[in-house]
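Scroll down for the structure; my scribbles are underneath it.
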Amino acid sequence: MPYTMDELEEFLRKDEEEIRRAVERVRKNPVKIKPDLKDFLDPDLFRLHAMSYNRHTPFHDSIKIDWEFRDKRFEEILGDDY
């Protein structure tokens, strides 16, 4: 049974603490294996992992990220240094 838009929106809504944990996890354990978009339900989490991969594996093929975070709290928590 497919999700309604309200159910999907509720499912994708992120708690700020979950965002903080995801950001800290990627900061402590940089992504070294190229992530694949199809493995992520949330495009913001994919973008976070792709940014880490691009930053920490500069000699491998980088991932083109041509969209911004949908949830701007990611940018706030990451800060300008990432």
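Here, each number is a calculation from the coordinates, and none is a lab measurement. These numbers come from a predicted model, not from an experiment. No Cβ is skipped: glycine too gets one built from the backbone with ideal geometry, and neighbour counts run over all protein chains shown.
Listing for the model above:
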quantity	calculated
Whole-number D in µm² s⁻¹ for the chain, Kirkwood Cα-pair radius fed into Stokes-Einstein, 20 °C, 1.002 mPa s	156
Pairwise label distance in nanometres, LYS64 with ASN29, each label 7 Å out on the Cα-Cβ vector	3.1
All lysines inside 16 Å of LYS72 as judged from Cα atoms, apart from same-chain residues fewer than 8 positions distant	LYS14
Residues THR57 and ARG20, FRET efficiency given R0 of 30 Å [Cβ-Cβ distance, rounded to 0.05]	0.80
Distance between modelled label sites at GLU76 and ASP39, nm, 7 Å Cα→Cβ extension	3.0
Straight-distance crosslink candidates among aspartates and glutamates, where the alpha carbon sits under 15 Å from LYS64 and sequence neighbours closer than 8 are dropped	ASP36, ASP44
Student exercise, the chain dipole from Lys, Arg, Asp, Glu Cβ charges, in Debye to nearest 20	560
Residue-averaged 222 nm ellipticity for the chain, from DSSP H runs of 4+ at -39500 (n - 2.57), nearest 500	-15000 deg cm²/dmol
Aspartates and glutamates whose Cα lies under 17 Å from that of LYS38, excluding same-chain neighbours fewer than 8 positions away	ASP66
Whole-Hz ³J(HN,Hα) from phi, Karplus 6.51 cos²θ - 1.76 cosθ + 1.60, for the range 28-44, glycine and proline x	6, 10, x, 6, 10, 9, 4, x, 10, 4, 5, 8, 10, 7, 10, x, 5
